[in-house]
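First up is the structure itself, then whatever we jot down about it.
The values are calculated or read from the model by the stated rules, or taken from the named source; none is laboratory data. Remember, predicted model here, so these are calculated numbers, not experimental data. Note: ideal-geometry Cβ built from the backbone for every residue, glycine included; neighbour counts use all protein chains shown. For accessibility, only protein heavy atoms count, side chains too; no ligands or nucleic acids. Shrake-Rupley method; radii C 1.70, N 1.55, O 1.52, S 1.80 Å.
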2 protein chains.
Amino acid sequence: MEQNKIPQATAKRLPLYYRFLNNLNQQGKKRVSSKELSDAVKVDSATIRRDFSYFGALGKKGYGYNVEYLLGFFRSTLDQHEVTEVALIGVGNLGTAFLHYNFMKNNNIRITTAFDADTEKVGTDIGGVPVYDIRDLEEKLEDIKVAILTVPAVEAQVIADKLVEKGISGILNFTPARISVPKHIRVHHIDLAVELQALVYFLKHYSLDNPE
Amino acid sequence: MEQNKIPQATAKRLPLYYRFLNNLNQQGKKRVSSKELSDAVKVDSATIRRDFSYFGALGKKGYGYNVEYLLGFFRSTLDQHEVTEVALIGVGNLGTAFLHYNFMKNNNIRITTAFDADTEKVGTDIGGVPVYDIRDLEEKLEDIKVAILTVPAVEAQVIADKLVEKGISGILNFTPARISVPKHIRVHHIDLAVELQALVYFLKHYSLDNPE
DNA sequence: AATAAGTCGTGATATTTTTCACAATTCAGT
DNA sequence: ACTGAATTGTGAAAAATATCACGACTTATT
């Protein structure tokens with residue numbers, strides 16, 4: 001289970017590589033070089049080769065990588081052979097965007113359950129996902145290990161506590177609240193206002209050339 | 001203009017600090033320590049002190065930081081005294097979520113203009129923002145420097161090209177497409193599927209303890 | 001006035017991540 | 001076969017980031 005020592009920075013890029021390889025494969029492309037990949041995903045080619053090398057020698061010198069082989073390799077590495085079920089808490093605009101997104105296409109992930117407090121929404125189906133009452137969270141969550149949190153900030157901690165109690169493993173938190181959880185639970189924060197403001201800051205202070 | 005050598009990692013955390021300080025100030029809190037900040041924003045206290053130190057000695061030893069002073073300092077550093085106008089391209093669910101988000105509260109940012117291809121939406125106001133026809137992009141964009149891109153992936157590059165032509169400086173790209181732009185233009189990618197899949201990957205391979 | 005507790009700022013160190021640069025290898029063309 | 005162009009995998013170096021740990025200072029208390 002414990003894949004030894006893949007750097008976090010690498011792990012975060014894997015889904016990106018995977019998706020692009022998937023596209024290439026669907027286009028019938030048979031081989032690809034780190035340079036081509038680099039142009040497409042905007043990651044330095046040496047970084048890509050280094051990333052791949054953590055999994056062994058996947059390519060051929062002077063040739064590049066076999067798309068199908070590489071794809072197959074990543075599929076198993078990313079555990080794409082079994083569907084990961086995800087719950088979505090908070091069916092506002094952002095939550096609805098997720099419900100309409102088809103994660104099955106490139107990622108073997110499915111949102112199977114959604115929750116909201118709004119009685120207008122409870123009982124409906126959005127993007128094929130049933131929306132339950134947030135008060136039934138504990139009963140309906142079953143053994144889902146991953147949750148997407150798109151609720152108002154003030155609700156975030158209370159709901160996170162409930163998720164923890166039900167045995168969640170990971171939370172993708174879109175609220176501005178930095179939630180507290182036991183340390184064996186992984187939380188990734190995506191803070192839209194912070195991202196926007198950071199971009200504005202970079203433009204004002206790093207504008208002349210574009211590092212990163 | 002060129003603030004010397006603030007590390008990027010620090011710059012990305014500034015908006016987070018700023019927002020929390022703003023909250024503290026509104027609560028009437030007068031002082032705060034790096035430890036308290038650390039608990040709230042989940043960043044190591046030494047990292048916070050280091051981050052602040054790039055701007056000089058903002059605190060007092062044995063005391064902590066004066067909330068009002070620190071806030072004022074960040075306000076100028078983050079250029080919060082003048083409103084940054086932003087355009088939003090693509091009024092789907094995700095775009096609509098942005099239009100309803102009040103960036104003026106903690107960030108001095110305002111979405112002033114939105115664009116969409118759907119004639120149902122063109123001409124309406126969403127969250128107080130007028131929605132124009134995407135075909136009028138060139139005419140209506142005026143001198144907005146920042147754009148949020150929430151369109152279908154296939155449209156992304158075409159629209160990015162138009163934005164570039166109109167003199168955009170920064171793009172917050174929510175599409176899975178990695179767009180190509182001249183290198184003086186800054187693009188931040190937020191890729192929802194990648195974030196979700198990366199979280200799932202971390203859970204499977206790093207589950208026992210939670211680094212980061 | 002002295003003491004204790006709390007806290008910053010930062011030199012030094014550790015860790016993580018990226019990049020360089022090149023030997024080894026492959027492939028395509030002659 | 002041979003040659004030249006392309007490309008990997010990786011040791012080594014560089015750069016970026018995070019953390020440790022402590023002297024110096026502030027405040028509160030007695």
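A few notes on this one:
- Spatially proximal aspartates and glutamates relative to A:LYS35 (Cα-Cα < 16 Å; intrachain offsets below 8 disregarded): A:ASP44, A:ASP51
- Distant-in-sequence amide contacts of A:THR84, defined by a placed amide H-H separation under 5 Å and a gap of 5 or more residues or a different chain, comprise A:ILE109, A:ARG110.
- Residue-averaged [θ]222 nm for chain B, counting only DSSP H segments that reach four residues, each worth -39500 (n - 2.57): -12000 deg cm²/dmol
- Using a 7 Å Cα-to-Cβ projection, A:PRO7 label spacings across copies, nm, ascending: 1.5
- 10 Å Cβ neighbours from other chains, averaged over peptide B:26-36: 0
- Each residue of region A:173-189 was assigned a 3J(HN,Hα) from its phi angle through the Karplus curve 6.51 cos²θ - 1.76 cosθ + 1.60 (θ = phi - 60°); the sequence is 9, 9, 8, x, 6, 8, 7, 9, 9, x, 6, 7, 9, 9, 10, 10, 9 Hz, with glycine and proline shown as x.
- Annotation: B:ARG50 carries an accessible surface of approximately 150 Å², with a 1.4 Å probe and no ligand, DNA or RNA atoms counted.
- Label-to-label distances for B:HIS188 across copies, nearest first, come out at 1.7 nm, using points 7 Å from Cα in the beta-carbon direction.
- Contact order normalised by residue count of region A:1-106, Cα under 8 Å, 6+ apart, percent: 29 percent
- Chain A and chain B together bury an accessible surface of about 6900 square angstrom, both sides counted, with a 1.4 Å probe and no ligands or nucleic acids included.
- Distance from the C-alpha centroid of region A:116-154 to that of region B:163-183: 35 Å, rounded to the whole angstrom.
- Beta-bridge orientation, chain A: approximately 20 percent antiparallel, per DSSP, counting only bridges with both partners inside.
- Karplus-based coupling profile of region B:68-74, in residue order and whole Hz: 5, 5, 4, 4, x, 4, 5, with θ = phi - 60° in 6.51 cos²θ - 1.76 cosθ + 1.60 and x standing for Gly or Pro.
- In order along region A:96-106, the Karplus-derived 3J(HN,Hα) couplings, from 6.51 cos²θ - 1.76 cosθ + 1.60 at θ = phi - 60°, round to 4, 4, 5, 5, 8, 7, 8, 7, 6, 4, 10 Hz, and Gly and Pro are given as x.
- Given charges at Cβ of Lys, Arg, Asp, Glu: region A:116-166 dipole, positive-most of A:VAL129, A:VAL146, A:VAL158: A:VAL146
- Straight-distance crosslink candidates among lysines, where the alpha carbon sits under 22 Å from B:LYS30 and sequence neighbours closer than 8 are dropped: B:LYS42, B:LYS60, B:LYS61, B:LYS105
- Share, in percent, of DSSP beta bridges within the protein assembly as shown that are antiparallel, nearest 5: 20 percent
- Compared with the direct C-alpha span, the chain from A:VAL158 to A:ALA57 gains 31.7 nm at full extension, assuming 0.36 nm per residue.
- On a per residue basis, the protein assembly as shown carries 47 Å² of accessible surface, using protein heavy atoms and a 1.4 Å probe.
- A:VAL187 long-range amide H proximity, modeled H, under 5 Å: A:ILE171
- Built amide H within the under 5 Å cut-off of A:THR124, gap 5+: A:VAL131
- Inter-label distance, A:HIS184 to A:THR124: 3.9 nm, where each label sits 7 Å from its Cα along the C-beta direction.
- Alpha-carbon centroids, region B:28-87 and region A:1-50: separation in whole Å: 38 Å
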